[in-house]
Amino acid sequence: MIYVYDVLVNLNEEMYDFYDWDESDDYVHVRRVPLFKVSFNQYSDLVNRKVKVSEDFLINIKDKTQVFSSRNIEIIPYSAIFSDGKMAVMVEFNDKGCSLRKSKFLINEEMEILNITNSMKESVVDYNIVNSRANRNNMIRSERNVINVIVKELENLKDDKERIDYLYYEWFDSNEGNLKYEKLLKDLKKSFTSKHLEFLDLLNLLTIQK
């Protein structure tokens, strides 16, 4: 079995790219972890979907991942790194084979992993897709946090027709339409732009004046 040694991971149910890692995250310093090279399609499933790997695969990786701890060396029972030769991800599974948490890598460590895969043959990982809906979010956490704050602040104003009309006009540059609060909320959640920051400033001003 081929291993990757001495990498830092940030295991979460929702996977974050390295530039979206936060100081408060619970990082894990991995001593060693099995590495598998897979096809692009398998890599995409393992990254974006909830999967359940076969019992044989679980047995193959059982207790193979070691992590440094304050006490000594600890074991993650079921986990592995998967790479298509261009990208890499670490996935942790439960004892039934269902994917739990995932992590990307610091860019220099991912490059080292990709260098190892250059001389590896592709493996075929036996799994079933448990949830076919992709779970990646295109926004980084700071952007989602801004939208979450806007949604909460907007909720406090939803019964104030005058202010909602004003905010609706500022966002859409139009006052036409019904159900303005609902439409405003829906559009604000679609994606993040610099306009959200301006809108948040406006919301804060209205909240102070309320």
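The values are calculated or read from the model by the stated rules, or taken from the named source; none is laboratory data. Predicted model, so just to flag it, every value in this text is computed and none were measured. No Cβ is skipped: glycine too gets one built from the backbone with ideal geometry, and neighbour counts run over all protein chains shown.
Listing for the model above:
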item	result
Qualifying residue in segment 108-127 (condition: surrounded by 21 or more Cβ atoms within 10 Å (Cβ to Cβ) and small (Gly, Ala, Ser))	no
Residue count for segment 10-30, restricted to those that are over 15 Å from Ser103 (Cβ atoms) and modelled with pLDDT of 95 or more	0
Every residue from segment 169-183 that is in a loop (DSSP other than H, G, I, E, B) and of a type in the set (A, V, I, L, M, F, W, C)	Leu179
Test: residue in segment 186-194 that is modelled with pLDDT under 90, surrounded by 11 or more Cβ atoms within 10 Å (Cβ to Cβ) and among the aromatic types (Phe, Trp, Tyr)	yes
Residue, farthest from Leu202 (Cα to Cα), within segment 134-168, restricted to residues that are in contact with a helix residue (DSSP H, G or I) (Cβ under 9 Å, 6 or more places away or on another chain), part of a loop (DSSP other than H, G, I, E, B) and modelled with pLDDT under 85	Ala134
Selected residue (criterion: farthest from Val146 (Cα to Cα)) from residues of segment 158-206 that are more than 32 Å from the chain's Cα centre (by Cα) and hydroxyl-bearing (Ser, Thr, Tyr)	Ser174
Selected residue (criterion: farthest from the chain's Cα centre (by Cα)) from residues of segment 63-97 that are assigned to a strand (DSSP E or B), in contact (Cβ under 8 Å) with a residue 12 or more places away in the chain and more than 15 Å from Leu11 (Cα to Cα)	Ile73
From the options Ser123, Ser119, residue that is in the same structural domain as Ile59 (by TED's automatic domain parsing), part of a loop (DSSP other than H, G, I, E, B) and without any contact (Cβ under 8 Å) to a residue 24 or more places away in the chain	Ser119
Pairs, first in contact (Cβ under 8 Å) with a residue 24 or more places away in the chain and part of a loop (DSSP other than H, G, I, E, B) in segment 30-56, second of a type outside the set (Gly, Ala, Ser) and crowded, with 16+ Cβ neighbours inside 10 Å, C-beta under 7 Å, six or more apart	Val38/Phe82; Val38/Asp84; Val38/Val125; Ser39/Asp84; Ser54/Tyr127
Single residue of segment 68-95 satisfying the filter (among the β-branched types (Val, Ile, Thr) and touching a Leu at 6+ places or on another chain (Cβ under 7 Å)) that is surrounded by the most Cβ atoms within 10 Å (Cβ to Cβ)	Ile81
So Leu206, is it surrounded by 14 or more Cβ atoms within 10 Å (Cβ to Cβ), modelled with pLDDT under 90 and not in a loop (DSSP other than H, G, I, E, B)	yes
Boolean, Asn128 is out of contact with any Leu (no Cβ under 8 Å at 6 or more places or on another chain) and part of a helix (DSSP H, G or I)	no
